[in-house]
Amino acid sequence: AGNLPIILSIGGASSQSLTLPVGAFTGTVITSVVNGASFLPNFSQGAWTTITGTSLSGTTRIWTGADFNGNNLPTQLDQVSVTIDGKPAYVYYISPTQLNVLSPPDATQGQVPVQVTYAGKASNTLNATQAAFAPALFMFDPQGRKYVAAERSDYQFLGPADLYPGVTVPAKVGDVILLFGTGFGPTDPTTDFGKTFAGAPPTANPVTATIGGVPATVQFAGLVTSGEYQFNILVPSVPSGDNLVVLKVGGVSTQPAAYLAVQ
């Protein structure tokens, strides 16, 4: 799977069942469009989105500096491009079976058409769910993507000791931890999702958090790089063990079964 620009690699996408008409398509075929962090079937403008299918590309790579035009994110890599609701998406990773793209600015909510074009030939069109907010946390790959991709404020990776042996340690009550996500909506000041930017603009809508069901103070919530939000959160007094992490923005919660190990 292609890696999004976060602290550790992101795993493969889940898929949705789809029945294609026999003989309707002979080339590039989309089979699923999902959130690039949770791999659930929803995304929002300016969010990382994962597309799976067949014959999506003839090469496997991520974007490089040579693919940018000034500070504009690339909308094509090696003859691969994507439209979401008729608008060009920003293409980060390509492979024959998976694409990772940043959804373009688009306020439409509900079902929108997604289509891939490779070497001048268009794929089938697959409708996918776009929402105003589609918050999701990036997860560490091992152990079934159970644990949130987390760092302590001193950049120590957090998780059970056996998650990445010799690398991860459990969080402690009172730690300030850094979590990473996508789909948390606009920023204030406004950010152009299709361009690189400087600084870390805060989210326009407040982000709340609970850890183990206990409210946790969100010290910072903002966009730190294209499509990726960072959250600095104070770990409240919770018991040792796996504690469920839930962030919420605009009345929408992050994915279920995202845990932080606390000792």
#### Entry: Relative contact order [Cα under 8 Å, 6+ residues apart], the chain, whole percent
17
### Query
Can you list the aspartates and glutamates whose alpha carbon sits under 15 Å from that of residue 146, skipping same-chain ones fewer than 8 residues off?
162, 242
### In order through the range 27-41: 3J(HN,Hα) via Karplus (6.51 cos²θ - 1.76 cosθ + 1.60), integer Hz, x for Gly, Pro
x, 5, 10, 8, 10, 7, 9, 9, 4, x, 10, 8, 6, 9, x
### Task
Report, to the nearest whole %, how much of the accessible area of the chain belongs to carbon and sulfur atoms, 1.4 Å probe, protein only.
53
### Query
To the nearest Å, what is the center-to-center distance of the range 247-263 and the range 163-233, using C-alpha atoms only?
12
### Query
Taking the Cα centre of the chain as origin and charging only Cβ (+1 Lys, Arg; -1 Asp, Glu), how large is the dipole, in debye to the nearest 20?
260
### Query
Hey, what D do you get for the chain in µm²/s if you plug the Kirkwood alpha-carbon radius into Stokes-Einstein at 25 °C and 0.890 mPa s?
131
### Task
Indicate the gyration tensor shape class of the range 122-263 (rounded, prolate or oblate), computed on the Cα atoms with a ≥ b ≥ c the square roots of the eigenvalues: a/c under 1.5 is rounded; otherwise a/b larger than b/c is prolate and the rest oblate.
prolate
### Task
Using only alpha carbon pairs under 8 Å that are at least six residues apart, calculate the relative contact order of the range 189-263 and give it in whole percent.
28
## Note on the structure
Counting only residues 5 or more apart in sequence or on a different chain, those whose built amide H sits under 5 Å from that of residue 128 are 112, 114
### Message
Using a probe radius of 1.4 Å on heavy atoms only, what accessible surface per residue do you get for the chain? Whole Å² is fine.
### Response
41
## Note on the structure
Checked the range 213-263 with the C-alpha gyration tensor, a ≥ b ≥ c its square-rooted eigenvalues, rounded below a/c of 1.5, otherwise prolate if a/b is larger than b/c and oblate if not; verdict prolate
### Task
Before rounding to the nearest 500, sum -39500 (n - 2.57) across all DSSP H runs of length at least 4 in the chain and divide by the residue total; then give [θ] at 222 nm in deg cm²/dmol.
0 deg cm²/dmol
### Task
Find which of 71, 93, 185 sits farthest along the positive direction of the dipole of the chain, computed with +1 on the beta-carbon of Lys and Arg, -1 on that of Asp and Glu, about the Cα centre.
93
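The values are calculated or read from the model by the stated rules, or taken from the named source; none is laboratory data. This structure is a prediction, so every number in the text was calculated from the model and none was measured. Virtual Cβ from ideal backbone geometry, glycine too; neighbours counted across all protein chains shown. These area figures cover heavy atoms from the full protein model, side chains too; ligands, DNA and RNA do not enter into them. Shrake-Rupley method; radii C 1.70, N 1.55, O 1.52, S 1.80 Å.
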